[in-house]
1. What aspartates and glutamates sit close enough to Lys276 to cross-link, taking a C-alpha to C-alpha distance under 19 Å and skipping anything fewer than 8 places away on the same chain?
2. Looking at the chain, identify the longest residue range that excludes and avoids all GluC sites (Glu not before Pro) in DSSP loops having at most 12 other Cβ atoms within 10 Å.
3. Using a Förster radius of 60 Å, what is the FRET efficiency between Ile414 and Met315 based on their Cβ-Cβ separation? Nearest 0.05, please.
4. Please work out the average accessible area per residue across the range 86-223, using the 1.4 Å probe convention, and give it in Å².
5. Please report, for the Cα atoms of the range 243-294, the Rg to one decimal and the Dmax as a whole number; what are they, in angstrom?
6. So, how do all the Cα-to-Cα distances of the range 199-254 break down into 5 Å bins, in percent, from 0 on up?
7. To the nearest whole percent, what portion of all C-alpha pairs in the range 138-192 is separated by more than 17 angstrom?
8. Using DSSP to call loops (not H, G, I, E or B), can you name the trypsin sites (Lys or Arg not before Pro) in the range 308-407 whose Cβ has at most 10 other Cβ atoms within 10 angstrom?
Amino acid sequence: MSQSSDEAAVAAHYGMLLGIRSPWRVKRAKLEVAQRLVDIEVEHDPRLPVHCPQCERECPRHDHAPERTWRHLDVMQFTTQIRARLPRCTCPEHKVVTALAPWAEPGSRFTLMFEAFAVEVLRACASLTQAVELLRLDWDSVQRIMDRAVQRGLLRRSTETVTQVGLDEKSFGRGQDYVSLMTDLQGRRVLEVVEDRTTEAAMALWKSLPSEQRERVQAASMDMGANFAAATTQAAPKAKIVHDRFHVSKHLNDAVDKVRREEHRRLLAKGDESLKHTKFLWLQGAAVEGERALAFAELCERELKTAKAWAYKEMFVEFWQQPDAFAAQRFFEDWYGTVKRSRLEPLKKAAQTLANHLVGLLNYFDHRITNAVTEGFNSRIQAIKAAARGFRRFQNYRTRILFFCGKLDLAPAIASDLGH
């Protein structure tokens with residue numbers, strides 16, 4: 001049945017708006033008012049050959065695949081969809097294959113323009129639920145768009161400038177569920193996220209970089225756990241291990257708190273509650289203000305073991321201020337000797353741990369890097385977890401982190417016109 005001139009004009013109009021060109025054409029465009037739907041049917045010109053999607057060779061038409069539908073950008077708040085039966089061709093090399101739709105990526109149920117719009121909506125939304133409402137899609141469809149965007153971004157990403165990385169762990173679910181992540185310290189981006197915090201997980205992080213790139217990494221900042229160090233030694237032997245000063249500070253703070261808790265129990269047995277509720281006083285130290293600063297000063301004036309442990313911990317800050325590794329080693333030896341002569345067992349154990357990792361501490365003076373960039377992503381990652389109300393699947397968690405923290409080129413490439 002032939003089209004009327006009005007129908008042909010409408011079809012041509014939508015073809016122009018979509019950028020559809022030969023060998024494709026809009027066959028019919030229909031407005032379904034009751035359904036608030038614009039339905040656009042597209043066809044491949046039956047008089048023209050079909051291009052093989054793998055080798056671009058012109059091939060004879062074989063038949064058509066079943067009809068498929070793609071969601072497109074809304075028109076005047078009407079849902080818009082494109083329908084088409086993609087032709088299949090017989091290629092001498094690749095046999096019978098289905099032609100690609102120039103308006104969508106393979107396997108997608110959305111047009112390139114819609115996916116590009118959806119990526120911008122996702123970037124702007126506080127949660128996936130909010131994006132679902134704005135895009136008028138179901139949760140799984142929006143998640144798939146985000147997955148595809150991250151895959152696209154990873155394929156485009158360049159890591160040639162990565163010379164300093166950070167390795168760290170983050171909580172994933174409840175209890176002892178963790179993930180490990182690698183960051184580009186200079187590029188300030190997350191490079192990869194893997195499940196667990198084992199040596200195998202750390203190896204998977206390193207393997208996310210091409211082998212030739214791993215050869216160019218000069219230094220890696222990490223805590224003093226054995227897993228990250230072992231993987232780095234194996235996967236990137238040229239990279240110097242630099243133990244992160246913020247993890248060192250946490251290690252010493254934990255030692256001070258152990259001294260406080262032991263001393264608090266002894267004092268409490270005598271009816272002395274002076275160390276009760278003071279954990280954060282010793283963490284903040286000289287940074288406290290007002291009445292709390294006065295209370296802290298009074299505690300420091302007493303002959304408390306906690307006060308001595310805190311003083312040793314504060315003394316170690318000067319280690320990072322040394323001009324070079326030689327001076328830092330001399331400082332450490334003096335500090336270590338003083339602590340080992342004390343009777344503060346938790347602090348002595350912490351000092352021994354630092355001594356066992358002294359090479360990684362001294363490497364800081366050749367590569368003055370920390371995991372501050374990695375730690376800086378904490379608030380963003382926590383916000384991602386809070387907005388999602390937790391994650392049941394690690395892959396969704398990984399996708400979310402890379403989408404928002406990976407600095408990836410996420411949007412699909414859209415040609416000015418859509419031919420073969």
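The values are calculated or read from the model by the stated rules, or taken from the named source; none is laboratory data. Small disclaimer: the values here were computed from a predicted structure and weren't measured. Here Cβ is always computed from backbone atoms with ideal geometry, including for glycine, and neighbour counts include all displayed protein chains. For accessibility, only protein heavy atoms count, side chains too; no ligands or nucleic acids. Shrake-Rupley method; radii C 1.70, N 1.55, O 1.52, S 1.80 Å.
1. Output for Lys276: Asp254, Asp257, Glu262, Glu263, Glu289, Glu291, Glu298, Glu301, Glu303.
2. Numbers: sites that count: Glu56, Glu67, Glu93, Glu160, Glu215, Glu273, Glu289, Glu303.
Here the longest segment lacking exposed loop sites spans 304-420.
3. It comes to 0.50.
4. Numbers: 6160 Å² over 138 residues.
Normalised by residue count, the accessible surface of the range 86-223 is 45 Å².
5. Taking only Cα atoms of the range 243-294, I get Rg and Dmax of 12.9, 42 Å.
6. 4, 21, 27, 23, 13, 8, 3, 1
7. 56
8. Qualifying residues, ordered by number: Arg341, Arg343, Arg389, Arg392, Arg393.
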